[in-house]
Amino acid sequence: MKLFIVRHGETDANQQRILQGHMASHLTDNGWEQARCAANSLVDRGASSCSTIVSSDLKRAMDTAGVIAGVLHLPVNSTSLLRERDWGTSTGMPIAEARERYYRDGRWQFPESTETEEQIQDRARRCLAMLAEQYAGQDLVVVTHGQLARYMIAAHFNCPLSEVTHMVNGEIRVLSI
C-alpha cells in the first residue's frame, strides 16, 4: 500500500502567518496553482494506480483534493482525522504573537484548549491505522496539512517529529505501508 501524502495549497492565512487550525481558509491563486502542480506531479509519480483520494474535511484540503480529483479522475472521501492541529483559542492568531505569548524556556506552552502534541500524535497513528484497515492494499492520495502529515510520517517511522522536515504547500511525500 502506498500513500501519496499531499499538503494542501497555500492559503491566505499561510501568507499572513496565522495559526489556521480548523479555520475555513481559502486557497490563494498560488495555492490553486500548487494544487494543479501537485496533481500533475502525482500523475508523473504513478499515482494513477490510486483507488481514491482521502482528504481532511477542511476547506483548503478539500479544494486541493478537488483539483487533484479532476486530474486523476478519482473519488474524494473526507475525514476529520486528517485535520490540522486544533489551536483552540489561539486559532486565527498570528504566529509571531503566539510565540510572544506561549513560547517560554525553549518550549511551547499553549492554553489548555489547544490539541496537545500527544493528542495529535495519537490522531496521526489512528489515521494511519484507519487508512490501512479501510483501504487495505490500495494505493491512496491523502490530502492533509503540514503538521498532521509530519506526525503521520513520524508515526510510520517511529521517530521523533523533529526528524521529519517541514512540508511546503503542495508538497508530496510517499509512504509505503
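Each reported figure results from applying straightforward, stated rules to the coordinates on display, with no laboratory input. Because the structure is predicted, anything quoted here is derived from the model rather than measured. Cβ sites come from the backbone with ideal geometry, for glycine too, and all protein chains shown count toward neighbours.
From the Cα gyration tensor of segment 28-68, with a ≥ b ≥ c the square roots of its eigenvalues, which class applies: rounded if a/c is under 1.5, or else prolate if a/b is larger than b/c, or else oblate? It is oblate, given that a/c is not under 1.5 and a/b is not larger than b/c. A cut-off of 5 Å between modelled amide H atoms, ignoring neighbours fewer than 5 places along the same chain, links Thr114 with Thr89.
Considering only Leu82, Leu128, Leu148, the mean-square fluctuation computed in a Gaussian network model of the chain, springs between alpha carbons under 10 angstrom, is largest for Leu128. For segment 38-55, the Karplus equation 6.51 cos²θ - 1.76 cosθ + 1.60, evaluated at θ = phi - 60°, returns couplings of 4, 4, 5, 5, 4, 4, 4, 8, x, 6, 5, 6, 6, 8, 6, 10, 10, 10 Hz by residue, with Gly and Pro reported as x.
Exposure proxy for His8, His73: other Cβ atoms within 10 Å of each Cβ, ordered fewest to most, give His73, His8. For the chain, modelled as a GNM whose springs connect Cα atoms under 10 angstrom apart, the maximal fluctuation among Ala65, Ala155, Ala35 occurs at Ala155. Electrostatic bookkeeping for Ala38 treats Lys and Arg as +1 and Asp and Glu as -1; over the other residues with beta carbon under 14 Å from its beta carbon, the sum is 0. Only helices enter this figure: runs of n ≥ 4 DSSP H residues, each worth -39500 (n - 2.57), summed and divided by the residues of the chain, yield -12500 deg cm²/dmol at 222 nm to the nearest 500. Expressed in units of 2.2 N^0.38 Å, where N is the residue count, the Cα radius of gyration of the chain is 1.00. Overall, the anisotropy analysis places segment 136-177 in the oblate class: the square-rooted eigenvalues a ≥ b ≥ c of its C-alpha gyration tensor yield a/c not less than 1.5, with a/b not exceeding b/c.
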